[in-house]
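The values are calculated or read from the model by the stated rules, or taken from the named source; none is laboratory data. Small disclaimer: the values here were computed from a predicted structure and weren't measured. Every residue, glycine as well, gets a Cβ built from its backbone with ideal geometry; the counts of neighbours run over all protein chains shown. Side chains included, ligands, DNA and RNA excluded: accessible areas come from the protein's heavy atoms. Shrake-Rupley method; radii C 1.70, N 1.55, O 1.52, S 1.80 Å.
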Amino acid sequence: MSDIQEYSDVVQEVRGALNAGKLKLQSTSVSFKNIKTGKVDQYQSTDVDKVYWLKRARGYCLKFMLDTGVIHRYDGFKEADFDKLANFVSKYYQTTLEKQDLSVKGWNWGLANFTGNSLNFEVDNKLAFEVPLNNVSHSTTSKSEVTLEFHQNDDAAVSLMELRFHIPGQPAATNAEKGENTENKDPVEEFYENVLDKADIIQATGETIAVFTEIHCLTPRGRYDFKIYPTFLQLHGKTFDYKIPYTTVLRLFLLPHKDGRQMFFVVSLDPPIKQGQTRYPFIILLFQKDDEMTLELGQSDEDFETKYEGKLQREMSGLEYEVISRVFKAVTNRKITVPGTFIGSSGTNAISCSYKAATGFLYPLERGFIFIHKPPMHIRFDEVSSVNFARSAGSTRSFDFDVETKSGNMHTFVGIEKDEYGKLYDFVSNKKLRVKNIGGKLDQKQSANYADDMNDSDDDDGDHDAYLERMKAEGKDRYSDDEDDETDSSDESFNPGDSGSEVAEEYDSNPPTTSESDEDDLGSGPEAEAKREAKRKEKEKKKARTAKTVREPGQKKVKRKKNKNRDPDKPKRPMSGYMIWFNTNRESIKADNPSLSITELSKKAGELWKEMKDKTEWEEKHAKAKEEYLVAMEEYNKKPKKGGGSDEDESDSEDEKKPKKRAKKPSGSSKSPSKKVTESRAGAGESYKSKEFISSSSSSDEDKPLKKKAKKKEEVKKEVKKEESEEDKESSVGELPSDEEILPSPPSSGKGSGSDETDSESGSD
């Protein structure tokens, strides 16, 4: 049998509310951690007197009774857990797990039995119900009745307000039989005294340990006198008084102000103090760092040694915040939390920021975050689901820090200076907090890689920028929105002939146009009207399109065309050392990580290459391959190229493919009809550009002059064809001319026009 048993789905009843937690049974101790507050209750196994097993409405209850009379109850067990718990208790706790039967008669009269800090109401020697007396806030008596009032818990859906017990008087004969010592004892008074002895009733009785006057409080706001009693703390102000039992104190914090001249002392409470509908889960005191004080405590020397274990002295002096924090630590028996290793860009432990509309300071501690002061909040690391760095909506010199808890609450701290980003990111990385770098919900693959991302963040020397990752995600969202809006656009190569809005190829028989002059040339009649209407619709579609091209969802990306003119005999460049290593070890990496995709496999290989220390083997292979490549290139350059040309000829042929701007030809006479058109065009001061230099703008106003030029160019083409056809009739050549022979050749003399130059260029193309 294991010496440890853990139960993670156990609940503990606290003033009517069931708080979930984790129960851990060890051979030497019993501990219960409250998930809501993080508070841990622990006691030794040697202090356990009895252990009971009770049937509840839902499941079973495990009840521990200690030697001091304190009772701890844990609900949520199953019937199958009894045997395992019984063996564990009998082996390590030196007692037996007793089954306690319950009375189900429903009688409201019976026997009241005070056991420990609870009142057990028994019917026929069976437990009907029990009342934890530490939940009693007040008790009163009247004749034969005792009234119990209970503390209220805001987290409880239903609260018990009051409970009354009727205690009948004893017969006179019975009193006489008991003797003179019991003549004046009333059963009502006896019942009432037993309740007061164990009840959590706060009464300002007895001597105070210490009194601090006019202490500056931020929450609740004002100046209060602090009276330290043995069991509770009293805050006395001008308007309100608060009594706080030490059992409700969870934690103590001592935090330096960012200005270096003041100190915060924070007391965390559960349940919080209330004033009307306002709840104060934190008491925040503000002290000047240089103020000193001297305090004389009103306790005996024996109490200092036994009750406070030497933590307090009769006379205490020093800095004001140090003296008060030491007194609080001794009376509440709680540790004081101070800032840890985090140091911001300003050299302090605090980060200036705002939460909602209030400014304050965020303190990254060793086990959580605390924000001071409006509203004050403490977020433990064990309840944090993820953190996120986001762009600030107000300024580019600041950013936002989001903390999301496992319960679904989101806390956003805004306006943090950009200089704090590196420090804060390194801190959350060292604490192994999950950083959520992209907006929206995360898929399972990204969630699984969070731990890897955080482990690798230290290796990147701080180059990882969650800010940049967030911006990329926002750009991706905007890109997807553009895809929905621009469903007609694509990223394929644009074809002017399909749209009908660009200038057609040279010498096409029917160039498509949408200009108004073309619509006039269509003539009249039903067919002409139909053509005009079709062209108008095409024109409207073109206006609606945007110049930016976006690939539609599901549309394949157009691949780039390979260079067909590349010589297959030309040696290829050598691979880098990384690529040689990757090709050699690809299969082994894939075998070790069979679930990775191609992209993830490449990323994994890059990480392994980065971690590799000795890369000389692969660098030598790369150097050797490079030497072989240079030798092969020398031999290749010496060989004659295909077509009998050299490298210079090849470069010249490539240059000929590019459009050249030719010099103007000397003036001369020409009877070519194309010359007349170009002369008239030049006289009108027009300029012409071939199709390669026409932009693909969708504006119809910019297309009009180009379309007119295309029309005139078509007229030139028809006249040239007509002239050539007449020459063909006169000639006796039997073979048909090729396409290149049909093209007009530039005149040997005469004025050259811009139109002739571009026509000849397009023909060569």
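Taking a ≥ b ≥ c as the square roots of the eigenvalues of the alpha-carbon gyration tensor, the range 48-110 is classed oblate because a/c is 1.5 or more while a/b is no larger than b/c. Distance between the modelled labels on LYS418 and GLU189, one decimal in nanometres: 7.9 nm (7 Å Cα→Cβ projection). Under 5 Å between amide hydrogens, built in the peptide plane, is the criterion, and for ARG434 it picks out VAL387 among residues at least 5 positions away or on other chains.
For the range 1-41, the Cα-based Rg and Dmax, in that order, read 10.9, 36 Å. Rolling a 1.4 Å probe over the protein heavy atoms leaves GLU193 with an accessible area of roughly 110 Å². Histogrammed with a bin width of 5 Å, the alpha carbon distances of the range 221-298 distribute as 3, 12, 20, 25, 21, 13, 5, 1 percent, first bin at zero. For TYR229, the residues whose modelled amide H falls within less than 5 Å of its own, excluding neighbours fewer than 5 places apart on the same chain, are ILE209, GLN234.
Taking every protein chain into account, the 1.4 Å probe leaves THR213 with about 90 Å² of accessible area, to the nearest ten.
Legend: residue pairs LYS258/LYS610; LYS423/LYS590; LYS36/LYS423, Cα-Cα distance threshold 32 Å; pairs beyond threshold, LYS258/LYS610; LYS423/LYS590. Between GLN5, VAL30, VAL40, the Cα set farthest toward the positive side of the dipole of the range 1-57 (charges on each charged residue's Cβ, about the Cα centre) is that of VAL40.
Computing FRET efficiency as 1/(1 + (r/R0)^6) for ASP124 and SER407, where r is the C-beta to C-beta distance and R0 is 56 Å, gives about 0.80. Accessible surface for HIS411 stands near 40 Å², nearest 10, in the context of the full protein assembly shown (1.4 Å probe). Using a cut-off of 30 Å between Cα atoms, the listed pairs LYS535/LYS717; LYS33/LYS238; LYS432/LYS603 include LYS33/LYS238 as exceeding that distance. For LEU127, the shell of other residues with beta-carbons less than 11 Å away shows a net charge of -1, using +1 for Lys and Arg and -1 for Asp and Glu. Within the shell of other residues whose beta carbon sits under 13 angstrom from the beta carbon of VAL158, the net charge comes to -2, with Lys and Arg scored +1 and Asp and Glu -1. Using DSSP to call loops (not H, G, I, E or B), can you name the trypsin sites (Lys or Arg not before Pro) in the range 199-252 whose Cβ has at most 14 other Cβ atoms within 10 angstrom? Qualifying residues, ordered by number: ARG221, LYS238. For ILE598, the shell of other residues with beta-carbons less than 12 Å away shows a net charge of +3, using +1 for Lys and Arg and -1 for Asp and Glu. Dividing the convex hull volume of the alpha carbon atoms of the range 268-368 by its residue count gives 170 Å³ per residue.
At full extension, GLU617 and LYS274 could sit 116.2 nm farther apart than now, given 0.36 nm per residue minus the alpha carbon distance.
Residues ASP41, ASP197, ordered by accessible area of protein heavy atoms at a 1.4 angstrom probe radius and largest first, appear as ASP197, ASP41.
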